[in-house]
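The values are calculated or read from the model by the stated rules, or taken from the named source; none is laboratory data. These figures come from a predicted structure and were not determined experimentally. Note that we place each Cβ from the backbone using ideal geometry, even for glycine, and neighbour counts take in every protein chain shown. When the accessible area is computed, the model is the full protein with side chains, heavy atoms only, and any ligands, DNA or RNA have been set aside. Shrake-Rupley method; radii C 1.70, N 1.55, O 1.52, S 1.80 Å.
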Amino acid sequence: MNLLPLTPDGQTPVRALTIAGTDSGGGAGIQADSRTMALCGVHACVAVAAVTVQNTVGVSGFHEIPPEIVAAQVRTVVSDIGIGATKTGMLASTGIIEAVAAVCQEVGIGQAGEIPLVVDPVAASMHGDPLLHASALDALRDTLIPLATVITPNLDEVRLLTGIEVVDDPTARKAAVALHALGPRWAIVKGGHLRTSAVSTDLLFDGDTFHELTAPRIATGNDHGGGDTLAAAMTCALAHGYSVPEAFAFAKEWTRRSLAASYDLGAGHGPVSPLWRLHTDPQGNEI
Ligand code: PXL
C-alpha cells in the first residue's frame, strides 16, 4: 500500500474535520480519528458532539454538547482553516444530528457542496452500550445520511437503519441497496463483524455497480475503535482527492494493519493502533 503523501515539515498539510464523541479511554471516537489523521499526515480539526465516560470495559455515561455549540465548532473551523473532507461519528441526539446536517449544508459539506462527507452512523459501543438515543435514528436517516458522500455502518447499524439482518452475500447486497435508497452517494456494508466468515468482505454500492473487497480476517479482541479508524482513514484519502473506491481500499488496508498492531489495555477490549505507521516508509514497508 502506498501511504498518503506526507507534507514537508513547516508546510501546511491537508486538513480534515471529525464531528464526533470523545473516548476517555483513548481508544475510539475523536481520539481514534485524530490519531489516524495525524499518522496519515493530515491535520485533524475536531468538533466535539459528546463526551463519553468510558474505559476498556464499557461506556458508563455521556454528556451531550449543546447542538448550537457543535454547529458553531464546524462553522468556525471551515471558514478559517479550510477542510478537505469531514467525518461524523457519535452524534448522540436528534438535536445534534439536525444541527450538524444544517451546518453541513450551510458551509458546503456533503453531496451538495465541495467537501466530501463520511457518515459513520455510530449507534452503540462494541460493549453494547448506547451512544445514540433510539429516537434519533429517524433524524440520522432523514437529515444527515442524505447529505453523505459515503456511509459506513457496521452490521448492527445496518439492521437499525434498514431492518435487514446481513448474514451472507445476498443479504449484504439487499442491505446495500436499501442503504443507498436513503440518499448517500455511496453505501458501504462492512463485513468485519460477520464472524462466521474466515475473510472480511466489504461491499460498496453507488446505485449502479457493486464493488467487493475481501481480506483475511484478523482475529483479535482488541478491535476497539476499528470502525472509527476505517472511516477516519477514508476521510483522509478523500481529503487528498481519492475516489470513494480508492479511499476505501486505502482505509481497509490501513485498518487491517492497525488491527494487526492492536494491543492489550485494561481489563476489556484494547484499541486498534495506527502507530505501526511510525515504523514504515511512504510505501508502507518496514524500516
Ligand atoms: O467505535 C464507535 C465509537 C465512536 N465514538 C465513541 C465511542 C465509540 C465506541 O465505543 O466511544 C465516542
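A few notes on this one:
- For the stretch 149-185, the tally of residues that are under 16 Å from Ala247 (Cα atoms) and open to solvent by 30 Å² or more (accessible area, probe 1.4 Å) stands at 1.
- Remark: pairs (first residue in the stretch 98-119, farther than 14 Å from Ala239 by Cα; second residue open to solvent by 80 Å² or more (accessible area, probe 1.4 Å) and of a type in the set (Ser, Thr, Tyr); Cβ separation under 8 Å; 6+ apart in sequence or on different chains) = Val107/Ser79.
- When restricted to residues that are under 13 Å from the mean Cα position of the chain (by Cα) and either more than 16 Å from the ligand (Cβ to nearest atom) or modelled with pLDDT under 95 (or both), the stretch 17-53 contains 0.
- The conditions of being under 16 Å from the mean Cα position of the chain (by Cα), small (Gly, Ala, Ser) and in a loop (DSSP other than H, G, I, E, B) are not met by Gly207.
- Residues satisfying the stated conditions in the stretch 212-228, i.e. buried (at least 18 other Cβ atoms within 10 Å of the Cβ), of a type in the set (Gly, Ala, Ser) and assigned to a loop (DSSP other than H, G, I, E, B): Gly225
- Consider the stretch 142-193 and keep the residues that are touching a Leu at 6+ places or on another chain (Cβ under 8 Å) and polar (S, T, N, Q). The one that is farthest from Leu204 (Cα to Cα) is Thr162.
- Any hit, the stretch 186-199, residues being assigned to a loop (DSSP other than H, G, I, E, B), open to solvent by 40 Å² or more (accessible area, probe 1.4 Å), among the basic types (Lys, Arg) and within 21 Å of Thr214 (Cβ to Cβ): yes
- Each residue in the stretch 200-211 was checked for being open to solvent by 20 Å² or more (accessible area, probe 1.4 Å) and either within 16 Å of the ligand (Cβ to nearest atom) or within 20 Å of Ala148 (Cα to Cα) (or both), and 6 of them qualify.
- Long-range neighbours under 8 Å by Cβ, at least six apart or interchain, first residue exposed (fewer than 15 other Cβ atoms within 10 Å of the Cβ) within the stretch 54-66, second of a type outside the set (Asp, Glu) and part of a loop (DSSP other than H, G, I, E, B): Val57/His127; Val57/Gly266; Val57/Ala267; Val57/Gly268
- Of all residues in the stretch 121-153, those satisfying the criterion of being hydrophobic (A, V, I, L, M, F, W, C), within 14 Å of the ligand (Cβ to nearest atom) and more than 17 Å from Leu179 (Cα to Cα) are Ala124, Met126, Leu131, Leu132.
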